[in-house]
Amino acid sequence: MALVPTKDKYKIKRQLLEKKALLVEDTVLGEHKTLGISNLHMKIFMKTMVSYGYVEKIYVWRHSYFFLTPLGEEKLRGELVFTEESIPAHETVAAA
């Protein structure tokens, strides 16, 4: 079993919190196109996230879609410690 580097874990968590979803190709060869992380590391880390209940996995034709659950969002917010300036765009509310 390969260990996932901490910097790669941070990239994955950040992407999940910002986009609320992640697409991973179902192959251990190559890299994730957006994050530049090995597909093997992506699959290992996302398997862990599913087992903790932080994401839900949907498999469609050689691709896995991972959607962040409310529990996962709460956990990632606590770990990544977002400030007011760094809140993801979909979280901001326009002033009326």
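The values are calculated or read from the model by the stated rules, or taken from the named source; none is laboratory data. Bear in mind that the values here come from a model prediction, so they are computed numbers and not experimental data. When we count neighbours, we look across all protein chains shown, and the Cβ atoms used for this are built from the backbone with ideal geometry, even at glycine.
So how many residues does region 64-96 have that are in contact with a strand residue (DSSP E or B) (Cβ under 8 Å, 6 or more places away or on another chain) and at pLDDT 90 or above? Lay out the reasoning, then the answer.
Let us first name the residues in region 64-96 that are in contact with a strand residue (DSSP E or B) (Cβ under 8 Å, 6 or more places away or on another chain), namely 64-69, 72, 76.
Filter once more, keeping what is at pLDDT 90 or above: 64-69, 72.
Adding up the residues that qualify gives 7.
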query: Tell me, which residue of region 1-33 that is touching a residue at least 40 places away in the same chain (Cβ under 8 Å) and farther than 20 Å from Gly53 by Cα is farthest from the chain's Cα centre (by Cα)?
result: Met1
- request: Kindly provide the set of residues from region 21-44 that are surrounded by fewer than 17 Cβ atoms within 10 Å (Cβ to Cβ) and either under 19 Å from Pro70 (Cα atoms) or small (Gly, Ala, Ser) (or both), ordered by number.
  value: Ala21, Leu23, Gly30, Gly36
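Given Glu56, Glu18, which one is part of a strand (DSSP E or B) and either under 16 Å from Arg77 (Cα atoms) or acidic (Asp, Glu) (or both)? Spell out how you get there, then give the answer.
Numbers: Glu18 fails: part of a strand (DSSP E or B).
Answer to the check: Glu56.
Go through region 24-45 and count every residue that is assigned to a helix (DSSP H, G or I) and either touching a Leu at 6+ places or on another chain (Cβ under 7 Å) or among the basic types (Lys, Arg) (or both).
At the first step, the residues of region 24-45 found to be assigned to a helix (DSSP H, G or I) are 39-45.
Restricting the remaining residues to those that are either touching a Leu at 6+ places or on another chain (Cβ under 7 Å) or among the basic types (Lys, Arg) (or both) gives 39, 43.
The total comes to 2.
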